[in-house]
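These notes concern the structure reproduced below.
No value in this document is a laboratory result; all are computed from the given coordinates. Model, not experiment: these values are computed from the prediction. All Cβ positions, even for glycine, are placed from backbone atoms using ideal geometry, and neighbour counts span all protein chains on display.
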Amino acid sequence: MEISNTTNMSFRVDKNLKKQADALFKSLGLNMSVALNMFLTQCVREQAIPFTPKITTKIKNSQTITETENLINNNIEDLL
């Protein structure tokens, strides 16, 4: 009798996030289990999270981006 070298893991995740991740992994020819194993393997290999976690400020809409760009451009033009 062969003894399995795997273990089960259980954790909670947002339903919408899981749905989006399942779709992404399917498009890559993977399933959730394979993708999570890849992630964990990379973490162990690099002895770190394989991306840089950071806090980002979300810009609410494109109008805000345009307003910010205009402000920057006007300030630069004032300096010239």
Discussion item. List pairs: first residue in the range 1-22 and farther than 17 Å from Ala35 by Cβ, second residue aromatic (Phe, Trp, Tyr) anywhere in the structure, Cβ distance under 8 angstrom, at least six positions apart or on different chains.
Written reply: none
Fill in: Residues satisfying the stated conditions in the range 12-27, i.e. part of a helix (DSSP H, G or I) and not small (Gly, Ala, Ser)
Lys15, Asn16, Leu17, Lys18, Lys19, Gln20, Asp22, Leu24, Phe25, Lys26
